[in-house]
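Contents: one structure, followed by commentary.
Just so it is clear, none of the values below were taken in a lab; they were calculated from the coordinates. All values derive from a computational prediction rather than experimental measurement. Neighbour counts are summed over all protein chains in view; Cβ atoms, including those assigned to glycine, are modelled from backbone coordinates with ideal geometry.
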Amino acid sequence: MKIERLGQDKIRIFLTFDDLSERGIQKEDMWQEIPKVHDLFTEMMDQAYNEVGFDATGPLAVEVFALPAQGMVVIVTRGKYDHHHHGIGSPYEDELPEEVYEMEVTLEQSDTILYSFDDFENVIEAAHVLKSMLHEAGRLYKYNGKWVLQLEPEEIEDGKHPALIAVLAEFGEATSVTTAMLEEYGQLIMADHAVDTICNHFKRQD
């Protein structure tokens, strides 16, 4: 479980499928009100408080993004309490409701594959191996000092998915960044055919 702070009232949590299976949770369970999911959420909020000082009291909006073969991204945004109805200087100013987590959960399923690479050499290596599996595929971004390769499901032939993930995992790592974040904050380096373009312009290091 990886936790990053995105802002004063927003954090991003990356859960791998191992994180879920260790707790006996299926992907489909994540948007159901069941005790083990509530326990996981409590654990995530405890860890968020300990690691990044995120105080999860108050109304929370929770967005869950399911990523193929990688895990889930949970974005938690804390809402604000409206103190005005008590009047200014009221003794109730700091009282919070009994229920700590007022969760509003939305779920988005994405089949886009995103892997990040620390070094461009790793992108070149991966591209040369992937070339035989893909045709005219890939979009390359620079984000947060890393290279991020994006592959869409329609660019992948049936049955090639596991082999593809194996190659990507060998040279890079699954990232919790979403396409929307790349489009907003990342730098688009190659809009399409990234795998072929890289192979045509850069040779593998022997």
Residue-wise, which Karplus ³J(HN,Hα) couplings in Hz belong to region 150-163, taking 6.51 cos²θ - 1.76 cosθ + 1.60, θ = phi - 60°, and x for glycine or proline?
10, 10, 9, x, 5, 8, 10, 5, 4, x, 8, 3, x, 5
How much net charge surrounds Glu4 when only other residues with a Cβ under 12 Å from its Cβ are counted (Lys, Arg +1; Asp, Glu -1)?
+3
I want to check the label-to-label distance for Leu6 and Asp158. Put each point 7 Å from Cα in the C-beta direction and report it in nm to one decimal.
3.6 nm
Given labels modelled 7 Å from the Cα in the Cβ direction, how far is it in nm from Val52 to Glu170?
3.3 nm
Ordering 114-120, 152-158 by per-residue average of other C-beta atoms within 10 angstrom, highest first, gives 114-120, 152-158
Would you grab the residues whose amide H sits under 5 Å from the one on Phe54? Only those 5+ places off in sequence or on another chain, please, with H modelled 1.01 Å from N.
Tyr49
